[in-house]
């Protein structure tokens, strides 16, 4: 579903991402982990078209998307959420999801229908799938941080992605919110046959859901494999988990 080949990015001589190779197969839940400054967010920005790579290629379902603008990559089947919530805080929860559905379907300039009836049923179904049906009329900016992250997930799902990239989806959440968010992600991935790639600092989260883990350190991938293999890797234990000599 996603293949990264020799991807690199330099800023004024500093290599934030260096010759990264990564592959995620269809339906897989994969994670990219690493300490702060390892290059995880930069890698995501390269994959999703928010940055142009210095070298290397990105392929989505076999199609070369290197340097393609984010809106076109989204239309080709890749969704994205960010570390900081990216919602319309003054709109209702329903209106946030509705706007995303209308944009995906190219209906944002329909002048001949009342806005509240457009994509109404689809919006309600999507809110139910992310556990926010009961808060449809709540103002998005007044909700808890965890609920706002759920809403952002709903906005991303509105584009009907084949693969979804999540940048620290549980950052800032309480323990209970984190547990609920991970259960929700797993359920949605299974129901939709969705491919997931996410970054995360909480190792309990990573090892509870990821089928494949890639570890970044100083812009490079130093380990890539199953959770058990990565957990046992001596280099990972040394540079990331703080163990060993």
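Values quoted throughout were computed directly from the atomic coordinates according to the rules given, and no laboratory measurement underlies them. Owing to the predicted nature of the structure, the values given are computational and were not obtained by experimental measurement. Note that we place each Cβ from the backbone using ideal geometry, even for glycine, and neighbour counts take in every protein chain shown.
Here the extension length gained between residue 3 and residue 229 equals 79.3 nm, from 0.36 nm per residue of separation less the Cα-Cα distance. Translational D (Stokes-Einstein, µm²/s) of the range 172-245 at 20 °C and 1.002 mPa s when Rh comes from the Kirkwood sum over C-alpha pairs? Result for D is 158 µm²/s. Along its first, second and third principal axes, ordered by size, the range 124-176 spans 30, 26, 18 Å in Cα coordinates. Just how many % of Cα pairs in the range 1-143 lie over 25 Å apart, if you round to the nearest whole percent? I get 43 percent for the Cα pairs in the range 1-143 exceeding 25 Å. You can think of it this way: the chain between residue 88 and residue 218 has 43.3 nm of extra reach, that is 0.36 nm per residue less the Cα-Cα gap. Computed as a quarter of the hull surface, the mean projected area of the alpha carbon convex hull for the range 1-72 stands at 4.9 nm². Label-to-label distance, residue 25 versus residue 137, with points set 7 angstrom from Cα along the beta-carbon direction: 4.8 nm. Among 168, 235, 177, the order by Cβ neighbours within 10 angstrom, fewest to most, reads 235, 177, 168.
Overall shape: prolate for the chain, with the ratio a/c of the largest to smallest alpha carbon gyration tensor axis at 1.5 or above and a/b above b/c.
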